[in-house]
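Asker: Take this structure, written in structure tokens, and hold onto it; I'll ask about it next.
The values are calculated or read from the model by the stated rules, or taken from the named source; none is laboratory data. Computed from a predicted structure; not experimentally measured. Cβ placement follows ideal geometry from the backbone for every residue including glycine, while neighbour counts extend to all protein chains displayed.
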């Protein structure tokens, strides 16, 4: 039995007596129906989708990775557009994330400081070795210059011989320091710091 498609007027051989559309038109109509149904119930779809991702994180990751692998340019384009339109939100989120990690994870603070100092040392092309600032602090939780007892969250690490003067980014050249001493020493050599007015007026006699 041959029928005529009610949508495109082409003839086709139906699989049952109630089939009204050819296979191509049936697929198109189904896609259009699904899309229309999605837009009419978009909030419910999004809610269910978020709940499914929450309940099935492993499966969601596999699907997300496969989708990104097949459509990298689309993902990059969407990511760039999102960053442009939500710039302030991203900055605020990063601040809150770093603040939360800073308050709750001393190892994160140590790694972050190490990353910043290592980057500066690389720019100066000096000798570099990995240093754990938290372990360095635990060895001597006092300011090297004034002897003040320090809390790790307020501790700074100073290059005894400044990187800008050829000092190496190694444990032997690092000193635990409070913020005022580190700020005043800045990038000057140790002997110049010991002869400075700040050291003579404020630190002589306080060093234990």
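Asker: Evaluate the following for residue 71: is it closer than 30 Å to residue 2 by Cβ and either over 37 Å from the mean Cα position of the chain (by Cα) or surrounded by 12 or more Cβ atoms within 10 Å (Cβ to Cβ) (or both)?
Answerer: no
Asker: Can you name the residue in the stretch 160-187 that is in contact with a helix residue (DSSP H, G or I) (Cβ under 8 Å, 6 or more places away or on another chain), farther than 17 Å from residue 147 by Cβ and free of Cβ contacts under 8 Å to residues at least 40 places away in the same chain and is also surrounded by the most Cβ atoms within 10 Å (Cβ to Cβ) among such residues?
Answerer: Restricting to residues being in contact with a helix residue (DSSP H, G or I) (Cβ under 8 Å, 6 or more places away or on another chain), farther than 17 Å from residue 147 by Cβ and free of Cβ contacts under 8 Å to residues at least 40 places away in the same chain, the top hit is 161.
Asker: Separate question: Is the stretch 149-159 home to any residue that is part of a helix (DSSP H, G or I) and modelled with pLDDT under 85?
Answerer: Yes: one or more hits.
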